[in-house]
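Structure record follows, encoded as structure tokens.
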Amino acid sequence: MSTQTLPRISEQDKQQYHEEGYFILERVIPDEHLQMLRAECQTFIDKKDAEMDARGQSVEGITHKGKRYFISNRYRESQRMREFIFSPLMAEICRATLGDDAYLFNEQWVVKGAEQGMKFAWHQDSGYVGFPHRPYLTCWCTLDDVSEANGTAYILPHSRAGTREKIFSHVVEQGSNDLVGYHGDDPGIPIIAPAGSIACFSSYTFHRSGANTTPNLRRIYLPQYGREPIVKPNGQLLHFAVPFLRDGKVIYDAEQDVVDA
């Protein structure tokens, strides 16, 4: 893994995360990782298109071919994704938000197609889990400059939504298959940031995104980390529980991180 100049995560950032559910770090992803993530993103879009074509599908869950992609938990198919997911940068962010222990819980590409990229409804990431659990950390990593024109995310702070300690009920939106958990008229705070930035927010924090009306893709990479493994009521593990930090130290072992781990 390459050396990095770590961002200064201020006490104000930490306080805002715990009180309001988010903070934003601008231009913190190293250039070599940003270029790698962009290349890997296209590889996985091509794979997803081929898989959907083979099944004769244009919609798979909340993925709509050419319009909006959610491509989850495929990093073990990549030779380089670990360099970013378990990097000093992500370790620093986890320490600032979760504390001294952290596990990789989930990771996915979230991409909006050029000129037709769909909106995404108000939700808490925890709303997609389906059972009670402690909040985990979402790292919304921008591979492109993000703006209201290309479908950036909007954050609804805890103080405006009452979400600091609560997961709201979500209902399925017909047509998109999105889960919707907020039905009020607060528009939220748009994330306007350059490529290479990271919006760090709690899985309890409501967020949405607009449509992409620009001629270019809007690409996001989204690793998520928890304080402990998240286990279903039946005892089965949900997604991953790849050890990353213990007592503040990186313990990730690439040799142990295999498909059957």
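The values are calculated or read from the model by the stated rules, or taken from the named source; none is laboratory data. All values derive from a computational prediction rather than experimental measurement. Methodologically, a virtual Cβ is constructed for each residue, glycine included, from the backbone with ideal geometry; neighbour enumeration extends over all protein chains shown. For accessibility, only protein heavy atoms count, side chains too; no ligands or nucleic acids. Shrake-Rupley method; radii C 1.70, N 1.55, O 1.52, S 1.80 Å.
Could you compute the FRET efficiency for Lys119 and Lys249, with r as their C-beta to C-beta distance and R0 at 30 Å, rounded to 0.05?
On the way: r = 41 Å, r/R0 = 1.37.
Working from the Cβ atoms, E equals 0.15.
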Could you give the dipole magnitude of region 1-106 about its Cα centre, charging the beta-carbon of Lys and Arg +1 and that of Asp and Glu -1, in debye to the nearest 20? 420 debye
In debye, nearest 20: dipole of region 153-195 around its Cα centre with unit charges on the Cβ of K, R (+) and D, E (-)? 180 debye
Which residue, chosen from Leu217, Pro187, Val250, occupies the Cα position most advanced towards the positive end of the dipole of the chain, where the dipole is computed from +1 (Lys, Arg) and -1 (Asp, Glu) charges on Cβ about the Cα centre? Pro187
Starting from the Cα of Arg76, step 7 Å along the direction of its Cβ; do the same at Asp46; then give the gap between the two resulting points in nm. 2.4 nm
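For n ≥ 4 DSSP H runs only, could you compute -39500 (n - 2.57) per run for the chain, divide by its residues and tell me the 222 nm figure to the nearest 500?
Working: 5 runs with 54 residues, N = 261.
Mean residue ellipticity at 222 nm (helix-derived): -6000 deg cm²/dmol.
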Extent along principal axes [Cα atoms of the chain; Å; largest to smallest]: 45, 42, 41
Too long at a 26 Å Cα-Cα cut-off: which of Lys14/Lys249; Lys48/Lys119; Lys65/Lys232? Lys65/Lys232
So if I take the alpha carbon set of region 134-245, get Rg, then get Rh from the Kirkwood formula, what is the Rg over Rh ratio? 0.98
How large a share of the accessible area of the chain, in percent, is made up of carbon and sulfur atoms when the probe is 1.4 Å and the other protein chains stay in place? 47 percent
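Between Ala54 and Leu6, what's the calculated FRET efficiency when r is the beta-carbon distance and R0 is 30 Å? Round to 0.05. Could the numbers behind the result be given before it?
Working: r = 43 Å, r/R0 = 1.42.
So the FRET efficiency works out to roughly 0.10.
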Region 125-229, dipole about Cα centre (Lys/Arg Cβ +1, Asp/Glu Cβ -1), debye to the nearest 20: 260 debye
Exactly which GluC sites (Glu not before Pro) in region 86-118 are in a DSSP loop and have at most 16 other Cβ atoms within 10 Å? Glu115
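Relative to 2.2 N^0.38 Å, what does the C-alpha radius of gyration of region 101-147 come to as a ratio? Two decimals please.
Numbers: Rg = 13.5 Å, N = 47, 2.2 N^0.38 = 9.5 Å.
Here the answer is 1.42, to two decimals.
When the Kirkwood radius is taken over all Cα pairs of region 39-134, what Stokes-Einstein diffusion coefficient follows at 10 °C and 1.306 mPa s, in µm²/s? Walk me through the numbers before you get to the answer.
On the way: Rh = 15.5 Å.
Estimated via Stokes-Einstein, D reaches 102 µm²/s.
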For Lys166, go through the aspartates and glutamates and keep the ones whose alpha-carbon is under 19 Å away, minus same-chain ones fewer than eight residues off. Glu19, Glu20, Asp125, Asp186, Glu228
Using only the alpha-carbon atoms, what does region 1-74 span along each of its principal axes? Please give whole angstrom values in decreasing order. 51, 32, 18
